[in-house]
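The values are calculated or read from the model by the stated rules, or taken from the named source; none is laboratory data. Predicted model only: the values in this text are computed from it and were never measured. Here Cβ is always computed from backbone atoms with ideal geometry, including for glycine, and neighbour counts include all displayed protein chains.
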Amino acid sequence: MKNYLLNIVVLLAICSCTVSQPENAELVNEQPPIYPDYIGVTIPVEIAPLDFDYNGGEFEVMYVLAKGSKGGELSAGGTTIEFDIDDWHELTRKNQGGTISMTVYVKKDGKWKQYQDFNVFVSNYPLEEWGLTYRRIAPGYEVYGKLGLYQRDLSNFDETPIIENTSVAGACFNCHTSNRTNPDQFTFHVRGDHGATMVQQNGNREWLKARNDSLHGSMVYPYWHPSGKYCAYSTNQTHQSFHAVRGERIEVFDQASDVFVYDPNTHELLLNTLLMTPDHYETYPVFSPDGKTLYFCSSDAKPIPSEYKEIRYNICKIDFNAENGTYGEKIDTVFNASILGKSATHPRPSYDGKYIMFTLSDYGCFPIWHNEADNWILNLKTGEAKPMKEANSSQTDSWHNWNINSHWFVFTSRRGNGLYTRLYLAQIDDHGNISKPFLLPQKNPAAYYDALIDSYNTPDFTSRKVEFDSRSAAHEITSENRIPTIVK
Amino acid sequence: MKKLISKYWTWTLSILLGVSVYLFWAYPYKSVLSYQEQYQLFLFGEDYFLERISLPGGLADYLAEFLTQFYYIPVFGAAILGVVFFCLQRLTWVVSRRCGADIQWFPLSFIPALILWMYMGDENVLLCFAISLLAALEFMLHYIIVCDHTKGYAAKALYILLCVPLVYWLFGANVLTFIGFVAFYELKREKSLSNLSLTSQFVLYTLLTILVSSYYLQYPLFRLYGGINYYRYPAYIPFLQITTMVLFAVFPILTSVLPKMKMRILEITEIAIIAVLGFYGVKASFNPQKYDLIEYDYLVRGEQWNKIIIKAKQKPADTPMSVSIVNLALSQREELADRLFEFYQNGAEGLFPSFTRDMVSPVPTSEIFYRLGMINDAERYAFEAQEAIPNYRKSGRLTKRIIDCEIINGHYGVARKHLKRLQKSMYYDTWAENRLAMLKNEDAINADPVYGKLRAFREKKQDFLFSDQEMDQMLGLLLTGNMENKMAYEYLICYELLQKDLDRFMDYYPLGQYISYNHIPKAIQEILIGNWMKTHSNPSSIPYSVDSSTLNATLNFMSLYTKNPNSPDLNLVPYVNNAWHYMLISNSGMEKKEKEKMKDIY
């Protein structure tokens, strides 16, 4: 408390004067300790400014000079680095395909130190997205407090709620999924007393009955068919239990799960026995970019919880005919993780058809609580799969999605402190080279992320701001009017 | 003195109210203050202020939380409430007086405050409601002043135009109390059509202001009209809140129309009636069972184990939560296996109550797991309790416990994150500073008497998934992991006894030889004696080290029970306290604890 007041006084004193570029600073032969670690990252043009904080202990003030390799420069100073948004955008535009060199000066004990310059690479690949959508929720167990689906403008720091559970007491929203980042079509699931699956198409909302007697559970883990005519879901009987040892927290497992396709125009469920086998758990369905293949994860159905550590998922596929909504007659394995003694989940095909990104963990269907979970990439042309070493960390790296041109991806990682998932973005070039990921930029990032007691879940790109009438939606959720789904 | 009281009798009565409120919360109900404090975490800082002020009623909420943090020290909390009630009553009277109420009716001005006091018998009523009522009264007073000092409609219309959005945004739905008063005030003042029209417009303007805000806020309309932060549960607005709001709005007008009478006896009668009704009304509105649990939790928070046992002796604990707290207290005094059956037992629930999705019962259960060394479960219960706080607030007490668990588990990044938040609090900042200094210093953590002990106790090697049907196996693993964990042994043995599983009891009780006992605990002795006598006739051949008084008491029980199992004497002391009474007569523990269902996610 006393320190807090003292900090305010110091802050006010510092803010009352502007910081100019120091002269005769002592050169330090190391790179600056900054948070977030933006050293050597690759960013898209017009991303929000990479504001950062000094992470090297007590200091008085800092100053940063950002110089573009193709021209332009920008400076900022203070106790936290905040670049002017417009100037920053201008600098990134000027330096597309080049670098921005950052010179960091820090004043400690009355003396200025100048650290080694570091580079930020400005990619040639445009982001082509307005921003991100995600859920924010405390990384808890069974009970959930305040949560919501949010969207974030990636060119600045603006975050706005799509819907929060303050609008409907006790509701839980998850798995917001748009069609190829286009928010004209999206779906999410509502848990709680007013459970439903919401499907919005061109501004029209439909609330589907959460459950259908032909399914094991409700409709979760959605993925749109590129034509927009269908949406694949899994239906899962998902449970969780809790570990005793210090390194583990929660174990989430399915005790039954199947995959099916939903036709939003007829409210029909397109079921297939190959995707609903009693001796396998099928989950995480996704369509290929051409819409002719349905990928999904499949594991032998072993007793739960006694053999939960033996559950290992492979990535499989089945043909899908969008003309008449029929499936092929055989299942093929695309990536056999169980042979490696691992479990592959959450496949996401790149929209250019080149890759499938997935998460590999030791076992199970829910890698989010597995420290060893890493993201992998499968080259569909060569069949080669490899860990995304450049983007992975020693902590959980999981839920990911591609941007529309498939040169950027967003994923969640617990690398910050081991528990709270944060969003990271990284680039993949034409040759499959992956850049060092960067933490989702925030203004005053250290304070922001310290104060944020939510985790980010299920991020995805969105090509423009999601239009969603949350007020009407809240009424509709509580109204209990639900459209039943029917089995075709 | 008499003269003084006679001259300042109104002030005397008001102060008396404040003092009564203070005494009420400082003594019999101080546990409620702790309860209120532990379900919020006021933080100094711009972000926290902006988060509060971004919603209607935000300033009242912010001020209320600021004040509620002082409940950490009950006398401060009680004093704050005393002052709040004093101000509420005085302001009620000042507004009534300005409306024309006669001094004769002064005692009636206590009614709204007393009704609020009764309403606050519901532990989910937040101080924010009282603060916003104070604000509403203040704005009522200023409205009268504006009316008294100006002519025509312009000034008061301007006042309403400006104040309605201001009061709504800063103090919330009590803007309806304010505008309700304005409507009654105007109707009493002037019954012309034009005034009626203007008043209707005032009311409509207020209703529309709230309605418009609903387009920008993710809250249901009924909560905006009923107040977002007046009541902890968001699902409904209590009827008594609406009654209180209406009362504060109409009371000044009602008293102003009462006749003027110069009768001393009337004042005395009013005082007597209000005092008596107030006393019984407040008494009736505080549910003793509910407050019993709150007090038990308060005593756990303060580690007042003796007081818990004394409380249970005076009035038996009979809910899963209170029984588990009494057993926890016994274990902390290392008396659980000795005195288990001195107190009412309701089966294994009395050791580990089933998880419920609320903010209250998981708190002491978390305490049990923590002290046993089941750190992950202690953290889970603390986290769940915090997430279950219906108005989405955080808790200083629970955050501390989460940090404790993270430190013990060596998750310093997470601990640091929470500690940085606590640094911004009034009463947890010093603790947070100390813990921050301790992070990453393994020697300091291991040397800490609590952290070091619990690190030694916690499960280190053999992972298992929590199952409340297999508590004995989990306790067994804890115990075999560290034979100094006496609490784990006592909980293990008592778990089997409360489950009436004597086979497992006989398997496990010998582990007691590795525990630092100077005697076989009494409950164990009783079972051993009874078991022995089932197959032997000579008590002197008992191979266990039992004391003579326990031996005689158990033999007497067996003898009486054998003669007449339905003897009413068996339900009297000392027989009722014998372990065999629980085994043979009590219905508790007949149905073994149901397995906790796995947690559904979808």
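Of all residues in the stretch A:158-183 being over 28 Å from A:Ile43 (Cα atoms) and in contact (Cβ under 8 Å) with a residue 60 or more places away in the chain, which is farthest from the other protein chains (Cβ to nearest Cβ)? Ranking the qualifying residues of the stretch A:158-183, first place goes to A:Ala171.
Report those strands (runs of 3 or more DSSP E) wholly inside the stretch A:359-431 carrying at least 3 residues which are aromatic (Phe, Trp, Tyr) and surrounded by 20 or more Cβ atoms within 10 Å (Cβ to Cβ).
Fully inside the stretch A:359-431 and qualifying: A:408-413.
For the stretch B:164-178, the criterion of a residue being assigned to a helix (DSSP H, G or I), more than 22 Å from B:Ser54 (Cβ to Cβ) and modelled with pLDDT of 95 or more is satisfied by at least one position. The residue that is surrounded by the fewest Cβ atoms within 10 Å (Cβ to Cβ), among those in the stretch A:208-229 that are touching a strand residue (DSSP E or B) at 6+ places or on another chain (Cβ under 7 Å), away from every other protein chain (no Cβ under 13 Å) and of a type in the set (Ser, Thr, Tyr), is A:Ser214. Every condition in (1) free of Cβ contacts under 8 Å to residues at least 24 places away in the same chain; (2) out of contact with any helix residue (DSSP H, G or I) (no Cβ under 6 Å at 6 or more places or on another chain) is met by B:Phe66 except one, and the failing one is (1). The test for being modelled with pLDDT of 95 or more, buried (at least 24 other Cβ atoms within 10 Å of the Cβ) and touching an Asp or Glu at 6+ places or on another chain (Cβ under 7 Å) holds for A:Thr283. Taken over the stretch A:219-276, residues that are farther than 24 Å from A:Phe366 by Cβ and not hydrophobic (A, V, I, L, M, F, W, C) amount to 14.
Conditions tested, residue by residue: (1) out of contact with any Ser or Thr (no Cβ under 8 Å at 6 or more places or on another chain); (2) more than 11 Å from chain B (Cβ to nearest Cβ); (3) free of Cβ contacts under 8 Å to residues at least 40 places away in the same chain.
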{"site": "A:Ile453", "(1), (2), (3)": "yes, no, no"}
{"site": "A:Pro459", "(1), (2), (3)": "no, yes, no"}
{"site": "A:Thr462", "(1), (2), (3)": "no, yes, no"}
{"site": "A:Ser470", "(1), (2), (3)": "no, no, no"}
{"site": "A:Ala474", "(1), (2), (3)": "no, no, no"}
{"site": "A:Thr478", "(1), (2), (3)": "yes, no, no"}
{"site": "A:Arg482", "(1), (2), (3)": "yes, yes, no"}
{"site": "A:Val487", "(1), (2), (3)": "no, yes, no"}
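Residues satisfying the criterion are absent from the stretch A:173-185 (criterion: more than 24 Å from the chain's Cα centre (by Cα) and among the hydroxyl-bearing types (Ser, Thr, Tyr)).
All of B:Phe341, B:Phe352, B:Phe383 fail the test of being surrounded by 22 or more Cβ atoms within 10 Å (Cβ to Cβ), of a type outside the set (S, T, N, Q) and without any contact (Cβ under 8 Å) to a residue 24 or more places away in the chain, apart from B:Phe383. Only residues that are away from every other protein chain (no Cβ under 14 Å), among the β-branched types (Val, Ile, Thr) and farther than 12 Å from A:Tyr456 by Cα were counted in the stretch A:120-146, giving 2. Hey, could you check the stretch B:345-388 for residues that are under 19 Å from B:Thr319 (Cβ atoms) and of a type in the set (S, T, N, Q) and say which is farthest from the other protein chains (Cβ to nearest Cβ)? Ranking the candidates gives B:Gln345 first. Go through the residues of the stretch A:147-157 one by one and say whether even a single one is facing chain B (nearest Cβ under 9 Å), buried (at least 19 other Cβ atoms within 10 Å of the Cβ), touching a helix residue (DSSP H, G or I) at 6+ places or on another chain (Cβ under 7 Å) and over 30 Å from A:Arg93 (Cα atoms). Among the residues of the stretch A:147-157, not one is facing chain B (nearest Cβ under 9 Å), buried (at least 19 other Cβ atoms within 10 Å of the Cβ), touching a helix residue (DSSP H, G or I) at 6+ places or on another chain (Cβ under 7 Å) and over 30 Å from A:Arg93 (Cα atoms), which makes the answer no.
When the helices (runs of 4 or more DSSP H) confined to the stretch B:1-69 are screened for residues that are over 15 Å from the mean Cα position of the chain (by Cα) and away from chain A (no Cβ under 14 Å), those reaching at least 2 such residues are found at B:2-7, B:9-26, B:58-68. Just one residue in the set B:Lys290, B:Lys283 is exposed (fewer than 14 other Cβ atoms within 10 Å of the Cβ), of a type in the set (Lys, Arg), within 24 Å of the chain's Cα centre (by Cα) and part of a helix (DSSP H, G or I); that residue is B:Lys283. The residue pairs whose first member lies in the stretch B:557-572 and is in contact (Cβ under 8 Å) with a residue 24 or more places away in the chain, whose second member is part of a helix (DSSP H, G or I) and acidic (Asp, Glu), and whose beta carbons are closer than 9 Å, counting only pairs six or more residues apart or on different chains, are B:Phe557/B:Glu526. Looking only at residues in the stretch A:230-246 that are buried (at least 19 other Cβ atoms within 10 Å of the Cβ) and β-branched (Val, Ile, Thr), the one that is nearest to A:Pro285 (Cα to Cα) is A:Thr235. The residue that is farthest from the other protein chains (Cβ to nearest Cβ), counting only those in the stretch B:201-238 that are of a type in the set (S, T, N, Q) and not in a loop (DSSP other than H, G, I, E, B), is B:Gln201. Could you check the stretch B:134-158 and list, in sequence order, the residues that are of a type in the set (Phe, Trp, Tyr) and under 27 Å from B:Phe86 (Cα atoms)? Matches in the stretch B:134-158: B:Phe139, B:Tyr143. State which residue is farthest from the chain's Cα centre (by Cα) when the search covers only the stretch B:450-480 and only residues that are within 15 Å of B:Ile515 (Cα to Cα) and more than 10 Å from chain A (Cβ to nearest Cβ). The selected residue is B:Thr480. Condition test on A:Tyr63, is it part of a strand (DSSP E or B), more than 14 Å from chain B (Cβ to nearest Cβ) and within 21 Å of the chain's Cα centre (by Cα)? Here the answer is no, as A:Tyr63 does not meet what is asked.
Quick grid of which residues meet (1) surrounded by 20 or more Cβ atoms within 10 Å (Cβ to Cβ); (2) in contact (Cβ under 8 Å) with a residue 60 or more places away in the chain:
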residue	(1), (2)
B:Arg333	no, no
B:Thr365	yes, no
B:Leu372	yes, yes
B:Ile375	yes, yes
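The selection criterion, being surrounded by fewer than 23 Cβ atoms within 10 Å (Cβ to Cβ), part of a loop (DSSP other than H, G, I, E, B), modelled with pLDDT of 95 or more and out of contact with any helix residue (DSSP H, G or I) (no Cβ under 7 Å at 6 or more places or on another chain), does not hold for A:Thr333. For the stretch B:401-432, a residue qualifies if it is over 25 Å from A:Gln395 (Cβ atoms), part of a helix (DSSP H, G or I) and more than 8 Å from chain A (Cβ to nearest Cβ), and the qualifying residues are B:Thr430, B:Trp431.
Tallying residues that are farther than 30 Å from B:Ile403 by Cα and buried (at least 23 other Cβ atoms within 10 Å of the Cβ) within the stretch A:247-257 yields 2. Is it the case, given these coordinates, that A:His194 is more than 11 Å from chain B (Cβ to nearest Cβ) and touching a helix residue (DSSP H, G or I) at 6+ places or on another chain (Cβ under 7 Å)? Judged against the criteria, A:His194 is a match.
All of (1) surrounded by fewer than 21 Cβ atoms within 10 Å (Cβ to Cβ); (2) within 12 Å of chain A (Cβ to nearest Cβ) hold for B:Ala444 with one exception: (2).
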